[in-house]
1. Mind counting the residues in the stretch A:52-69 that are in contact with a helix residue (DSSP H, G or I) (Cβ under 6 Å, 6 or more places away or on another chain), under 17 Å from residue B:98 (Cβ atoms) and outside any strand (DSSP E or B)?
2. Which condition breaks for residue A:26 when tested against (1) more than 14 Å from every other protein chain (Cβ to nearest Cβ); (2) not in a loop (DSSP other than H, G, I, E, B)?
3. Which one is nearest to the other protein chains (Cβ to nearest Cβ), of the residues in the stretch B:70-106 that are over 18 Å from residue B:160 (Cβ atoms) and touching a residue at least 12 places away in the same chain (Cβ under 8 Å)?
4. Kindly evaluate residue B:56 against the criterion of being crowded, with 17+ Cβ neighbours inside 10 Å and either over 23 Å from residue B:196 (Cβ atoms) or over 13 Å from the mean Cα position of the chain (by Cα) (or both).
5. Of all residues in the stretch B:78-101 being closer than 16 Å to residue B:18 by Cβ and among the small types (Gly, Ala, Ser), which is surrounded by the most Cβ atoms within 10 Å (Cβ to Cβ)?
6. Looking at (1) of a type in the set (Asp, Glu); (2) in a helix (DSSP H, G or I); (3) within 14 Å of chain A (Cβ to nearest Cβ), which is the one condition that is false for residue B:151?
7. State all residues of the stretch A:1-23 that are closer than 19 Å to residue A:176 by Cα, part of a strand (DSSP E or B) and not aromatic (Phe, Trp, Tyr); if no residue qualifies, say none.
8. Out of all the residues in the stretch B:122-140, is one or more of a type in the set (A, V, I, L, M, F, W, C), over 25 Å from residue B:198 (Cα atoms) and in contact with a Pro (Cβ under 7 Å, 6 or more places away or on another chain)?
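The values are calculated or read from the model by the stated rules, or taken from the named source; none is laboratory data. Because the structure is predicted, anything quoted here is derived from the model rather than measured. When we count neighbours, we look across all protein chains shown, and the Cβ atoms used for this are built from the backbone with ideal geometry, even at glycine.
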There are 2 protein chains.
Amino acid sequence: MKIHEYNGFPGPRRVRMFLAEKGIDSIEFEQVDVPAGEHRKDTFLSKNPYGTVPVLETADGQYISETVAICRYFEDVHPEPALMGDTPQKKAEIEMWQRRVEQTMYDTIATYFHQGTPGLGELETYQNAEWGHKNKERYEDALIRMDQHLEGKQYIAGDAYSVADITALCAIGYAGFVNMAIPPELENLTRWHSDVSSRPSAAA
Amino acid sequence: MKIHEYNGFPGPRRVRMFLAEKGIDSIEFEQVDVPAGEHRKDTFLSKNPYGTVPVLETADGQYISETVAICRYFEDVHPEPALMGDTPQKKAEIEMWQRRVEQTMYDTIATYFHQGTPGLGELETYQNAEWGHKNKERYEDALIRMDQHLEGKQYIAGDAYSVADITALCAIGYAGFVNMAIPPELENLTRWHSDVSSRPSAAA
């Protein structure tokens, strides 16, 4: 199996962390030069017509794109440790939190980066700076809300580390890339961030 | 079990259709007056601090929000017919398509509605009309792409009806609410739409 990606980008990092938590180290990685626009060329579009990385190429030659769909595949073929829950209730709770984190933290900081930062060249063909900056505010609001949620909790979705923690850590890493740090007064979030950053998977 | 929702809105419709396809008719529905702002009041925020409908209240009094998380719960406790796949490969493929449809069709038309249509009152506290209209274009582009994908295919994700079809049908219904119809030259999409609209679940 092979993953087509651009190492260092936050979407690919979500999958790399997921694999690291599972202890899966048998996957080959092939780089797609996204900053040079390779994701908009026919060779890549034949693997994913929607033009996003990462893309999983399975052993039988099928292509799966969308970060969480790729994670789901590995959760199914390699269930331990469970990162998406092991009961109907836990699965739903983790999916709820994964989507909340994705929408309020990950998508907002991505929108700020793509729409609100000038000079992205081939990465972005349309920008709406006001919308970009509005999403910076939405990201900041989401951190405050997450800090409140983490009061007395070790992880985001229940008692165990999960894909929701991965998405949040990658969102905060994304924000670091545009020079936004966690405000120090958000003590619960800071404590959680320090904790999950110390896991080996954070370096994946 | 009970679902807190606003009947007629597209998010709640996704869950209603999912339940109808499963043949689950034992759920109680309680209405939240979203147009009057009830989703921003403490009673509702105690169930879902993120303020969205629908919210599932389970038998043991826990609350699950996020449409797809609620669907996942019912998929697990009532697996037949499978709407999210029954093998690792199919699960990943359906999740990939569900997310593609959600991002390119559902989220775009929602953004056009929320940001691009004036006079929404309590429903929307911020609007960026240019971004709204950009998303109308993105929705239109997504329909063309989906029409191409549906060439020779009965359903969106593989051989069986799935949650990806539900999301797409609800997106197109959402577009109808803002007076946007499927362009008649998109013959594959029109044929698919006619087919899935004839299922009893479409009236849920």
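1. Here the count works out to 3.
2. Against the list (1) more than 14 Å from every other protein chain (Cβ to nearest Cβ); (2) not in a loop (DSSP other than H, G, I, E, B), residue A:26 comes up short only on (2).
3. Taking the candidates together, the pick is B:73.
4. yes
5. Ranking the qualifying residues of the stretch B:78-101, first place goes to B:85.
6. That leaves (2) as the condition not met.
7. Answer for the stretch A:1-23, where residues must be closer than 19 Å to residue A:176 by Cα, part of a strand (DSSP E or B) and not aromatic (Phe, Trp, Tyr): just A:7.
8. Within the stretch B:122-140, one or more residues are of a type in the set (A, V, I, L, M, F, W, C), over 25 Å from residue B:198 (Cα atoms) and in contact with a Pro (Cβ under 7 Å, 6 or more places away or on another chain).
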